[in-house]
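Take a look at the structure set out below.
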Amino acid sequence: MTLHAPLIIDVAGTRLSKSDKRRLAHPLVGGVVLFTRNWENRAQLTKLCRQIKKVRADLLICVDHEGGRVQRFRSDGFTHLPPMRAFGEQWFQGQGAATGEAALNACNAATAAGFVLGAELRACGVDFTFAPVLDLDHGGSTVIGDRAFARDARVTTLLAQALVHGLAQSGLRNCGKHFPGHGHVQADSHVAVPVDGRDLATLLADDAAPYRWLNASLASVMPAHVIYPQVDVRPAGFSARWLQDILRGQLGFTGAVFSDDLSMAGARQIEGRAVSHTEATLAALHAGCDLVLLCNQSLVDKGAPIDDLIDGVSEAVLSGRWHPNAASEQRRQDLLPQGYPLPWDELMVDARYMHALSLLP
């Protein structure tokens, strides 16, 4: 048990190197995020997850696995899940749309998708996925696009709740993203710093509404690397106004808060000033994040940016510039999966799983 392990890092390949094991063993590291480069097949992925758990059993093994174009594992039996827009289309355009039957069928299908997604990941040893997307489809965002369920916040909320229910059936917790909403801006925060000029009342009534309606369902939330200047000059993930006053205070959220990837362009400037990974991490933690992600840095200079981050946060602890938070650590621990997963071969003949597959659009 660590006092607080806020760092979620990546590993370079399909098995752990000595450097990976050393980093994952550090008490400030709370988990690992996997990518397509970490995948060859199910047997290899399962072995990699076992290696990670052998380093420390409480490490949280995460992945961005939503369905559609954001799905890291696509071969060797993994189901090609539809993008979330497919469920919104089923709601509005499916048989029985006029009577509401299509909406109920769409919710049932979203639950099935959540179960399939979670059960397949768990069968290979993965603990957690960053889903569902709660961004609204305003029509102009290429980075969100069909990852969103719908334009309507109410429809998005009910379909997301259904997906969360399916994830829970598999034993996986969930992560709503990207608070308070990334769907209105056209810029991609991977390569730019998007700005959404709408006021707080508009945001709370529209894009951020699912977070209020789902405050009893969401296990974690990921804020957007977007600046909303009428609310705060800082991106939401670095803003105590957004994370503490609004998300926790006004909207009643009690779960874990992840930063989005701190290597993204949207996270490399705060109030017009370029910041290091360590500065960005400390800013996110002080703002109210419980966990911070630094992705794809194991590929840079043999992982030197990860080592620099671990050293930087360690120094901040020793100098008193950051104090580990026991409540944040408990929130991290609460994200670990519940119950025992079905092994892959048993899952393939499981009645619930086969029925769920039949419900996918």
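One table, with the values for the structure above:
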{"quantity": "The range 154-183, residues that are among the small types (Gly, Ala, Ser) and closer than 14 Å to Ala205 by Cα", "calculated": "Gly181"}
{"quantity": "Index of the failed condition, Ala236 passing every other in (1) modelled with pLDDT of 95 or more; (2) closer than 25 Å to Asp20 by Cα", "calculated": "(2)"}
{"quantity": "Residue satisfying condition, being surrounded by fewer than 15 Cβ atoms within 10 Å (Cβ to Cβ), modelled with pLDDT of 95 or more, touching a Gly at 6+ places or on another chain (Cβ under 9 Å) and within 30 Å of Ala106 (Cα to Cα), within set Met354, Met348", "calculated": "Met348"}
{"quantity": "All helices (runs of 4 or more DSSP H) inside the range 304-355 with 3 or more residues being in contact with a strand residue (DSSP E or B) (Cβ under 8 Å, 6 or more places away or on another chain)", "calculated": "304-319, 326-333"}
{"quantity": "Cross-chain or 6+ apart pairs with Cβ under 8 Å, the range 257-283 first and within 20 Å of Val63 (Cβ to Cβ) and part of a loop (DSSP other than H, G, I, E, B), then of a type in the set (D, E, K, R) and modelled with pLDDT of 95 or more", "calculated": "Asp260/Lys177"}
{"quantity": "Pairs with Cβ under 6 Å, 6+ apart, first in the range 139-155 and in contact (Cβ under 8 Å) with a residue 24 or more places away in the chain and under 16 Å from Lys177 (Cβ atoms), second among the charged types (D, E, K, R) and part of a helix (DSSP H, G or I)", "calculated": "Asp146/Arg85"}
{"quantity": "Meets criteria (touching a residue at least 12 places away in the same chain (Cβ under 8 Å) and under 17 Å from the mean Cα position of the chain (by Cα)) for Leu251", "calculated": "no"}
{"quantity": "Some residue of the range 13-23 being more than 15 Å from Ser314 (Cα to Cα) and aliphatic (A, V, I, L, M)", "calculated": "yes"}
{"quantity": "Residue within the range 262-273 that is surrounded by fewer than 24 Cβ atoms within 10 Å (Cβ to Cβ), more than 18 Å from Pro132 (Cα to Cα) and basic (Lys, Arg) present", "calculated": "yes"}
{"quantity": "Which numbered condition Gly118 fails, given (1) over 24 Å from Pro343 (Cβ atoms); (2) crowded, with 23+ Cβ neighbours inside 10 Å; (3) at pLDDT 95 or above", "calculated": "(1)"}
{"quantity": "Options Leu214, Leu243, Leu200, Leu204; residue that is buried (at least 24 other Cβ atoms within 10 Å of the Cβ) and among the hydrophobic types (A, V, I, L, M, F, W, C)", "calculated": "Leu243"}
{"quantity": "Enumeration of residues in the range 231-256 that are touching a Ser or Thr at 6+ places or on another chain (Cβ under 6 Å) and either among the basic types (Lys, Arg) or assigned to a loop (DSSP other than H, G, I, E, B) (or both)", "calculated": "Asp232, Gly255"}
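Yes/no per residue for (1) part of a loop (DSSP other than H, G, I, E, B); (2) of a type in the set (Phe, Trp, Tyr); (3) at pLDDT below 95:
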residue: Phe149; (1), (2), (3): yes, yes, no
residue: Thr156; (1), (2), (3): no, no, no
residue: Leu163; (1), (2), (3): no, no, no
residue: Leu167; (1), (2), (3): no, no, no
residue: Leu218; (1), (2), (3): yes, no, no
residue: His225; (1), (2), (3): yes, no, yes
residue: Pro229; (1), (2), (3): yes, no, no
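The values are calculated or read from the model by the stated rules, or taken from the named source; none is laboratory data. Here the structure is a predicted model, which means the values were calculated and not measured. Don't worry about glycine lacking a Cβ; one is built from the backbone with ideal geometry, like all the others, and counts go over all protein chains shown.
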